Amino acid sequence: MKHGGNIYRFAQQVGCKPEAVLDFSANINPEQALDPASLLPIQLGPYADPDYTLLKQALKARYPHPNGVEMEVFNGASAAIFALLRRLQPRDLVLYAPLYVEYAKIAGQLGCTLHTIDRFADLHAEVPENSTVIFVNPSTPDGRLYAMQELLAQWRQKHCTILVDESFLDFCIADSVADQITQYDRLYVIKSLSKFYGCAGIRIGFILAAAQAIDALKRFEPAWKLSTFDMAYMRQALANQPYIEQTRRQTAKRREVLQQALEDSGLFETIYPGQANFLLAKLSFDGDGYLLQERLAPSRLLIRVCDNFAGLNKSHVRFAVKDEQAIAQLTHALKTIPQNVF
Ligand SMILES: Cc1ncc(COP(=O)(O)O)c(C=O)c1O
């Protein structure tokens, strides 16, 4: 399975309903900030506000940014990534791998010269002058949180256009690089709300950049990209302040339990130190993640094999941090797998 989260196909394969899948493959918070049943009444007749005023206000309150920095919203961060790269048309594109697979997908369509930097082995490798660099922080699929200052300075020195994807930053206690946009107007911050707010079915993501960069981007955007329903849901979810700290704390606690379960299984030679809502692990003896996936499927457990991430192979598997009950089921299922089976 190329992406995480295709619970529909998996459910068909194992003969259960999609709701019954214990989906460890997609990095989505199992909690939500808002029960859709408590959504305030909305008017679906008229077109939504084409300026997204109330949504943008709620986003700015949640993710403050200085004057001179503007925002454009998209129906999901994936749409934002595609729109931005289509607009920038980079000649040289530098991907810090491994990273979210959609970046390589759009890069392949753009006809640019692709440079891949292995951030595990060579984080501070030279980048071409005037290139466009893409960095995900915390990274996927391993969840490592990077200190960005040195990297930003290195890229600025080379006059790079910089895209930092902070879709998982809310799970960590760390500052966004968005404040630096006022000092460097070729910096873009991309963010998905699907992960932290546990609502991948609501399609909202955004880009923060210098005002003129956002103006240029908007010129190629259609009106009414976001639905009234999605915006109303997100505004109310963003207003739930206690959810933020609660989610961070709960995720950290559950991640520890998950980590312990993976360690205790004895199946993995490495569990990467992640600080987001997922953990990457490498099977011992270059084991086959697809065999592990097969073994777990009868228990309705779906995991992500990471062989389509640059630099990783099928012995790398990723587990999202789910709730205690789901982790307990995974723990039990892992224990039943003999250590030499792969
Ligand atoms: C790093 C990263 N950025 C962006 C996205 C896309 O998120 P969205 O659901 O908002 O399209 C994902 C989804 O997996 C992701 O992992």
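The values are calculated or read from the model by the stated rules, or taken from the named source; none is laboratory data. In this text, all values refer to a predicted model and were calculated from it rather than measured experimentally. Note that each Cβ is placed from the backbone with ideal geometry, even for glycine, and that neighbours are counted across all protein chains shown.
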Which listed residue, of Pro138, Pro128, Pro98, Pro64, is in contact (Cβ under 8 Å) with a residue 12 or more places away in the chain, surrounded by fewer than 21 Cβ atoms within 10 Å (Cβ to Cβ) and not small (Gly, Ala, Ser): Pro128
Unmet requirement for Ala153, which otherwise passes all of (1) more than 14 Å from the ligand (Cβ to nearest atom); (2) in a helix (DSSP H, G or I); (3) closer than 19 Å to Lys218 by Cβ: (3)
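A quick yes/no check of all residues on (1) assigned to a loop (DSSP other than H, G, I, E, B); (2) within 16 Å of the ligand (Cβ to nearest atom); (3) modelled with pLDDT under 95; (4) in contact with a strand residue (DSSP E or B) (Cβ under 7 Å, 6 or more places away or on another chain):
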| residue | (1), (2), (3), (4) |
| --- | --- |
| Lys105 | no, yes, yes, no |
| Gln109 | no, no, yes, no |
| Ile117 | no, no, no, yes |
| Ala121 | yes, no, no, no |
| His124 | yes, no, no, no |
| Val133 | no, yes, no, yes |
When residues of region 76-95 are limited to those that are assigned to a strand (DSSP E or B) and either at positive phi or of a type in the set (A, V, I, L, M) (or both), the one surrounded by the fewest Cβ atoms within 10 Å (Cβ to Cβ): Leu95
Condition met for Tyr146 (assigned to a strand (DSSP E or B) and within 14 Å of the ligand (Cβ to nearest atom)): no
Of the criteria (1) more than 15 Å from Asn29 (Cβ to Cβ); (2) assigned to a helix (DSSP H, G or I), which one Glu269 fails: (2)
Qualifying residue in region 172-185 (condition: touching a His at 6+ places or on another chain (Cβ under 9 Å), away from the ligand (no atom under 15 Å from the Cβ) and closer than 30 Å to Arg318 by Cβ): yes
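Select from region 164-192 the residues that are among the aliphatic types (A, V, I, L, M) and closer than 19 Å to Ile244 by Cβ and write down the one among them that is surrounded by the fewest Cβ atoms within 10 Å (Cβ to Cβ).
Within region 164-192, the match that is surrounded by the fewest Cβ atoms within 10 Å (Cβ to Cβ) is Ile173.
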Condition check for Val69: β-branched (Val, Ile, Thr), closer than 27 Å to Gln241 by Cα and modelled with pLDDT of 95 or more: yes
Answer residue from region 12-37, given it is without any contact (Cβ under 8 Å) to a residue 40 or more places away in the chain and either part of a helix (DSSP H, G or I) or touching a His at 6+ places or on another chain (Cβ under 8 Å) (or both) and is farthest from Phe168 (Cα to Cα) among those: Gln12
